[in-house]
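The values are calculated or read from the model by the stated rules, or taken from the named source; none is laboratory data. The structure displayed is predicted, hence computed values, not measured ones. Note: ideal-geometry Cβ built from the backbone for every residue, glycine included; neighbour counts use all protein chains shown. Protein only, heavy atoms only, side chains kept; ligands, DNA and RNA dropped before computing areas. Shrake-Rupley method; radii C 1.70, N 1.55, O 1.52, S 1.80 Å.
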Amino acid sequence: MDPSIKAKSIPVLDKELKHGNRTEENSNSVVKRHKNNKKEKLVTRDLKETFPKDKNESNNENRDLDVFEENQTWTNTLPYYVSWFVLLMLSLITRIYNIEKPAHVCWDETHFGKMGSWYINRTFFFDVHPPLGKMLIGFAGVMTGYDGSFPFHKPGDQYEDVNYVGMRVFCAVLGALLVPLAYQCIWLLTHSIPASIFSAALILFDTGTLTLSRHILLDPILMFFIMTSTYSCLKFLTYSHKPFTLPWWVWLTNTGISLACALGVKFVGLFVILLVGYTTISDLWRLLGNHSISLVALSKHVAARVIGLILVPVLAYCVLFAVHLKVLDHSGNGDGFFSSAFQSQLIGNRLYNVSMPQYIAFGSEITLKQRRTGGAYLHSHFHLYPEEHPPKQQQVTTYSHKDDNNRWKIKPADREIGASDPLVYVQSGDLVRLEHVLTRRNLHSHKELAPLSKHHFQVSCYGQNGTGDANDIWIVDVEGASRGDKIQTVRSKIRFVHYHVRCLLHSHDKKLPKWGWEQLEVTCQPNLRDPTSMWSVEEVIDARLPNVSFEVYSPTFLEKLVESHAVMTQGNSGLKPKEGEVTSRPWQWPIDYRGQIFSGQDHRIYMLGNPIIFWSLLVIKVLFLGLWLAYSVGHKRKIPINKNLQIYCERSFRVCWWLLLAWFLHYAPFWSMSRVLYFHHYFPAFLYSAMFGGVMLDFLVTLTCICVPDYLAVKVFHFCFLLIAAGILWSFYLFHPLAYGMSGSLAAVEGSMMHNVKWLDSWDI
């Protein structure tokens, strides 16, 4: 924001407070008149941020707070630009310094580097997050000379001659921009340079944010778009006095696009959408109370926000997915998570441009895919159930990837099919057996309990060379079909009902232990009305049958979009920790209880929030609640207070509550999530916590200056400012090796480089 431009303050956060004196009362001017309103002596704050007296002061009663005048000079605005530029340079330097180290794959670089490579190679894959972040990583790789050939197999793999630095630098630059964005957001909220500096510095010198920004991850990209959404929303609100002008439309539209981009990186972007939605509704509520605005004009305001904050983001989000689906047009290892119709559009997939029988016959070899979001293929292999799950028959699972163990031969219940037998189509109501092609055993069930789902029955493979017993028989039941209707490839929704046990062939998202190769459990579901126990025939191999083109099953873009989100949502909710993996819970995050190992070996990196900053923010939150409660009680009891101080307190409290709401919206939802969680999930919320801390530090310094004699106010301010700055810098000096790399012995060993700062046993440094 250019302070030389005349701009209103934000009306949602700053109600008009009429008073006879000058309304421009921020943290830099409150100190000017304290204790004695009759004194004309002005106590200036650091950086000389004192704005000239308005020539039309007598007409200012109905104006918003903090209106910057048009007659600003470069001398007045120089501190703003100098501090902003210094913070930006420091942010870039700290993020990019030695960014090539370590020269091996760190933590989730194994996922997102690999996915960036897949975009470069146009290979389709499945991920639980929307595509924008990975697309940008791939784009950064292409622009910096990376060819997409490195496999990113596992953390610790050496990069050697791979050009990986460009992707790290791209993420680092976006992470660096969080600092000036925080500075500008707080400037728009408070018009206080010290508050802006404190807020930016708390983010700049946090070791956790620094670590996330220096690697090929989605987090710096996500946080960048969250901050651009926040800044654009606040900037838009500063033009409330100039509705429907070009800048007003530009910032409204930019807010919508930024929201779409935040959601396009991770679904966590939904939280900033809620924040902007709340702020927008509050703004419209304020307009509704303005009787000078007609209902027609109010309707235009509502319509403009619907366009800018709903239609534009939806369109931008759809464009992201259109590009994603256009780029990833080659078959990859994620095909199996999607429907047969979806797969038929991927070059290299078995279903792409293929001709296949429209119906199936007895003797056909088929693959069966469960008809639910993220449904997998019916699968078996030579491995048996362990002894604790008798009678130790061959395992049956579902598996999301394609291989030959997914193939089954469909046979009549009462006989084998000979080469000279006439062609007989499978129909709804037929009794059938399903023989696993590779192991020659039949799909089987009995009244033994399933290994995980104790109210379901076990499904196995049984027999020798296609011969089993009566428990191999299943009834084919096609939804919506009459008895005798043929089974259609892809289109028919089939239930397989066990003839004797009377249960449905079923699978779900429960993973078997290692003895089951962590594939999905298959059971026989006693509930014969269960809607998730549907299957479809995906592939048919039978030279006797005429073929039809698979193009008839091609889905529309909207169908692909809906299916992609259904699969992502299910995959996200089903994420569980791997054996031995370090995870965390939300209660641990604000107290910096445990970090995350990014790199081991000889160059150890440990993502941990700067403890002094994290713990100080907790103390500041408690102080805020105490001060707000004391002020509220005093206000209720009508205890006399200086008018300018009252204005400043009310304004500061409104800003703090808004930032606390933003923090809460980005933090509280994780308490209800059952999926696996990691410490890095907290850092979007931390950004708002840091900005809140910056505003409160400025507020506390201001109150301190008010409490001392006039002649000491400037010295006290400088002392407090330097003390806070020194504390932040000292904490960064103590913990910066966590982000840049540690060597030698572990911190638990006396004499190691980090031994004196291992303050909690839960820190794995």
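Quick rundown of the values:
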read-out	value
Cα-Cα pairs of region 334-462 separated by more than 16 Å (percent)	69 percent
Whole-number accessible area per residue in Å² for region 352-545, which is evaluated in the context of all protein chains at 1.4 Å	43 Å²
Helix 109-121 axis, angle to the chain major axis (alpha carbon atoms, nearest 10°)	70 degrees
Spatial separation of Cα centroids for region 497-559 and region 130-192, in angstrom	40 Å
Kirkwood Rh (inverse of mean 1/r, distinct Cα pairs), the chain, angstrom	29.8 Å
Hydrodynamic radius by Kirkwood, which averages 1/r over all alpha carbon pairs of region 208-339, in angstrom	16.6 Å
Gain upon complete extension [Ala413, Lys300; 0.36 nm per residue less C-alpha separation]	33.8 nm
Over the chain, relative contact order from alpha-carbon pairs under 8 Å, at least 6 apart, %	15 percent
Residue-averaged 222 nm ellipticity for the chain, from DSSP H runs of 4+ at -39500 (n - 2.57), nearest 500	-13000 deg cm²/dmol
Computed P(r) (all Cα pairs; region 682-765; 5 Å bins; percent)	3, 12, 15, 15, 14, 12, 11, 9, 6, 3, 1
Rounded to the nearest 20 debye, dipole of the chain from Cβ charges on Lys, Arg, Asp, Glu	2280 debye
Kirkwood-type radius of region 352-545, with distances r between different C-alpha atoms, in Å	16.5 Å
Mean accessible surface per residue for region 621-750, computed with a 1.4 Å probe while every protein chain stays in place, in Å²	45 Å²
At q = 0.11, 0.23 Å⁻¹, base-10 log of I(q)/I(0) for region 631-705 (Debye sum, equal scatterers on each alpha carbon)	-0.41, -1.03
Accessible area per residue in Å² at 1.4 Å probe, computed on region 275-348	48 Å²
Mean separation of Cα contacts under 8 Å (6+ apart) over length of region 352-545, as relative contact order %	27 percent
Rounded D (µm²/s) - region 109-257, Kirkwood Rh over Cα pairs, Stokes-Einstein at 25 °C, 0.890 mPa s	144 µm²/s
Sulfur and carbon atoms: percent of accessible area, the chain [1.4 Å]	61 percent
√(5λ) per eigenvalue of the Cα gyration tensor, region 240-282, largest first, Å	22, 13, 4
Positive dipole terminus of region 352-545, leading residue within Trp515, Pro526, Ala543 (C-beta point charges)	Pro526
Calculated FRET value between Leu431 and Val501, using beta carbons and R₀ = 22 Å, to 0.05	0.95
Cys with no candidate disulfide partner in the chain (beta-carbon separation under 4.7 Å rule)	Cys106, Cys171, Cys185, Cys233, Cys261, Cys318, Cys461, Cys649, Cys656, Cys705, Cys707, Cys720
